[in-house]
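Notes follow once the structure below has been shown.
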Amino acid sequence: MGKRDNRVAYMNPIAMARSRGPIQSSGPTIQDYLNRPRPTWEEVKEQLEKKKKGSKALAEFEEKMNENWKKELEKHREKLLSGSESSSKKKQRKKKEKKKSGRVSKSFPFF
């Protein structure tokens with residue numbers, strides 16, 4: 001009983017690919033890409049002008065939102081300023097009271 005021959009013939013993958021022939025590409029070739037139609041300089045200028053103009057509706061919407069945002073900011077600032085004035089006055093009163101009470105208690109500890 002002899003051993004079985006497990007050897008497999010080596011196949012060069014590059015040689016096999018060459019024997020199959022050229023590969024059929026599924027997409028456009030480089031030549032197709034280079035020969036594609038391109039816009040003229042005047043058409044490019046027109047497209048750039050259209051982009052600069054933009055849509056009027058969008059511009060109006062943005063202006064309206066900016067106005068609303070400014071109004072909200074003003075309201076918020078007024079609230080903060082009015083609130084900070086009253087709180088700062090309260091803080092000043094508390095500081096004065098602490099100074100007065102602190103002086104009395106420190107200078108006369110037995111009273």
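Details
- Residue count for region 53-62, restricted to those that are part of a helix (DSSP H, G or I) and either surrounded by 10 or more Cβ atoms within 10 Å (Cβ to Cβ) or acidic (Asp, Glu) (or both): 4.
- Those residues of region 6-16 which are modelled with pLDDT of 90 or more and open to solvent by less than 90 Å² (accessible area, probe 1.4 Å), in sequence order: Asn12, Pro13, Ala15, Met16
- Long-range neighbours under 8 Å by Cβ, at least six apart or interchain, first residue in contact (Cβ under 8 Å) with a residue 40 or more places away in the chain within region 53-69, second in a helix (DSSP H, G or I) and open to solvent by 90 Å² or more (accessible area, probe 1.4 Å): none
A quick yes/no check of all residues on (1) open to solvent by 100 Å² or more (accessible area, probe 1.4 Å); (2) part of a helix (DSSP H, G or I); (3) hydrophobic (A, V, I, L, M, F, W, C):
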position: Arg18; (1), (2), (3): yes, yes, no
position: Pro28; (1), (2), (3): yes, no, no
position: Gln31; (1), (2), (3): yes, yes, no
position: Arg38; (1), (2), (3): yes, no, no
position: Gln47; (1), (2), (3): yes, yes, no
position: Lys64; (1), (2), (3): yes, yes, no
position: Trp69; (1), (2), (3): yes, yes, yes
position: Gln92; (1), (2), (3): yes, yes, no
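The values are calculated or read from the model by the stated rules, or taken from the named source; none is laboratory data. Note that the coordinates shown come from a computational prediction; the quantities given were computed from them, not determined experimentally. So basically every Cβ, Gly included, is an ideal-geometry build from the backbone, and we count neighbours across all protein chains shown. In case anyone asks, the SASA skips ligands and DNA or RNA and just uses the protein heavy atoms, side chains included. Shrake-Rupley method; radii C 1.70, N 1.55, O 1.52, S 1.80 Å.
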